[in-house]
1. I want the antiparallel fraction of DSSP beta bridges within the chain, as a percent rounded to 5.
2. Name the residues whose placed amide hydrogens come within less than 5 Å of the amide hydrogen of Thr225, ignoring near sequence neighbours (fewer than 5 apart) on the same chain.
3. Just to check, using Stokes-Einstein with a Kirkwood Rh over alpha carbon pairs, what's the diffusion coefficient of the range 342-483 at 20 °C and 1.002 mPa s in µm²/s?
4. Placing +1 on the Cβ of each Lys and Arg and -1 on the Cβ of each Asp and Glu in the range 1-95, which of Ile65, Ala78, Gln93 has its Cα farthest towards the positive end of the resulting dipole?
5. If amide H atoms are built 1.01 Å from N in the plane of the peptide, which residues on other chains or at least 5 residues away come under 5 Å of the amide H of Leu565?
6. Would you mind working out the accessible area per residue for the range 334-450, using a 1.4 Å probe, and quoting it in Å²?
7. Round to a whole number: what % of the accessible area of the range 394-502 belongs to carbon and sulfur, probe 1.4 Å?
8. Got a number for carbon plus sulfur as a percent of the range 223-286's accessible area, 1.4 Å probe?
Amino acid sequence: MPDIVKLAPESAWVEVRSTAADWDALGAPALRDMLSQLHLVRAFEEVVLELDAEGLVHGPAHSSIGQEGGAVGALAEARSSDLITGSHRGHHQFLVKGLRHLQPDGLDLCTAGVGPAVREFLRRTLAEILGLSDGFCRGRGGSMHLRWREAGAMGTNAIVGGGVPIAAGLAWAKRRQGQGDVAFTFFGDGAMNIGAVCETLNLAALWNLPLCFFVENNGYAVSTTVAEETRETRLSSRGPAYGMPAFRVDGMDPLAVRLAVRMALQTMRSGAGPTLVEAEVYRYFHHGGGLPGSAFGYRTKEEEARWRERDPLARAAREALQRDWLSQAEHEAMRRHAVQAAQEAAAALTTRADGKRQIPQAAWPRAEFRDQGLRGDLSEFAGARFEELESASAAIGEVKFVDAVARVMARNMERDERVFVMGEDVHRLKGGTNGATRGLAERFPERVIPTPIAEQGFLGIAGGVASEGSYRPVVELMYADFALVAADQAFNQIAKARHMFGGDAPMPLVLRSKCAIGTGYGSQHSMDPAGLYAMWPGWRIVAPSTPFDYVGLMNSALRCEDPVLVIEHVALYNSTGPGPLEDLDYCIPLGRAKVVRPGSAFTVLTYLALTPLAVQAADAMGLDVEVIDLRSLDRAGLDWETIGTSLRKTHNAVVLEQGPLTVSYGAMVADEVQRRFFDELDQPVVRIYGGESSPSVSKVLERAAVVGLEEIKAGYARVMADSGRPVV
């Protein structure tokens, strides 16, 4: 019979309960502060539900009534410089973080009432929930995307679990700054089983990040119970599983929450890493709106009544009244001041007509604001030194492409301590799987960060770091296809952040991703990512085809305040071409294409490894073809001036790409060319592209799926024949 050894987690897992002595020790000022916050949040949320019932909240209204104790207790001892992210149900956390920022010494509605700064804060918060121009995100965020950077509220999030990796990035930045600040990420029981949360729990523990995972376990993911989601319903058990201390607490007891988070803060501020707090709370209403869950049949009225008896506001008031720290009249005054302030916020944003409230037209954002702030204005390039190969001011010679990749990254890390590299295997194998990070780990060991295989987690963390603003992450996704694993963070979070939060939230992140078509890695490692990223206008995309262009475009990517995808084609890594011998500090403008072969027969628009093949095919066929290397591929970066000048000369356009027909970048470009230059074209735009299916592993099938020299020549011949100039 085997020996059975009982194992225990290395990290503590405890339940925290408040006692009468704890309430005594809290003191009257602190309790009156917490109670004032509870009243303000409750009254504010009641107004939101009133407006929702009147049809004035466009979209969902996820009330936090019943759950206020978790937010008030969790942030009671937080600093303004501590940062938070939240979920779709995040009004209460946003409000408490703002109140703590505005009233760091405490709030007492009895003695001071609601001051002008708090009134303005409530008004702007409500304006955002209503989608109005005076909101914190200028009406773009609404109820689910609330952000006030100055207060440390870094964004609530409509994607379940979507804000968790971002918070880990904020914590990464705080740990590096070494000031003892921490980050909180608030999410619900439904998010606990999301892959991004699991990845982030592991990464936060692995990297010792000062991050509190605060789980508001309200028992339901919409109508699905926790027991229907997971076998272990004590969600705090996940903490020790990842090596971090965990605290389980009654979230209807705001002091118990405060005590648990106080212990968590001691751990995090001391540099001992992340913590997890599970607060059992209850939302009094359905997932959205002002009806109870029992109206939808998934909860009973008896259950709802039992939880209401444990109301956090009533609990805090009872404790204060019992200790004579508050009179009944003062408590009633608290409620009256809170209700009045919330109603005044609504009155400031609405008018009455025919006995109904309505939103005045002047309060809405202007329609012209639709696209403003979708991306930055590139003012950060003021003073940049731009170079082109033909007029380079320093020595040029033959340079191996992958050496240029490694050298320019080393140069940027040498001159800018904010730059760091993150990705799988970037620290070993003599510079990753292709040598692109060669020598960096030895020179900058603290700034080359190897990751587990957790693309959604580490890309989201990089997004959080970028949004904090102190550092500039360079992330490597080993293969472009892996973006689909990290799609939420790449496209729902990083791409949308600037625009979603009002247009003025920079996201200075560089994502290096290689296009591995032709390497025999098959369908799931051979994507050309240009078409995918071009669908998300928050991304800028560059595609260098020479060592010289790589250096200049990477420098521009690292200077840019928007997220930039840098596509590297595997076929170019071991090639040589013209590049800088010593000067690694110049930029190439974003949005500037380049004519690499002048001609007049027709114009070829291409990028990456197909650029030299386009030239080679024209030379071999003796055709007077003009080849344009697009270089910048995002919609805002397409150089229509250079393209238009060429088409007005050739009157024929060819869009050349190596990838398959599906998820095609060329389709977007061809459509735009056709619409912009219809009157200049002698025939429809011709596209040269690969097959319909993704490349296979078989050498023969892979070759059949992609574009090579033969396909380019055949396409050229077709263009000439269709224009009445057949190639003999």
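The values are calculated or read from the model by the stated rules, or taken from the named source; none is laboratory data. What you see is a predicted model, and the numbers here were worked out from it, not measured in a lab. A quick note on method: Cβ atoms are made from the backbone with ideal geometry, for glycine too, and the neighbour counts reach across all protein chains shown. Calculation scope for accessible area: heavy atoms of the full protein, side chains included, ligands and nucleic acids excluded. Shrake-Rupley method; radii C 1.70, N 1.55, O 1.52, S 1.80 Å.
1. Once the DSSP bridges in the chain are tallied, antiparallel ones form about 20 percent.
2. Under 5 Å from the amide H of Thr225 lies no amide H from a residue far enough along the sequence or on another chain.
3. On the way: Rh = 19.7 Å.
In µm²/s, the coefficient is 109.
4. Ala78
5. Leu511, Arg540, Ile541, Val542
6. Here the residues of the range 334-450 average 55 Å² of exposed surface.
7. With neighbouring chains kept in place, the figure for the range 394-502 is 51 percent.
8. After summing per-atom areas, the C and S share lands at 44 percent.
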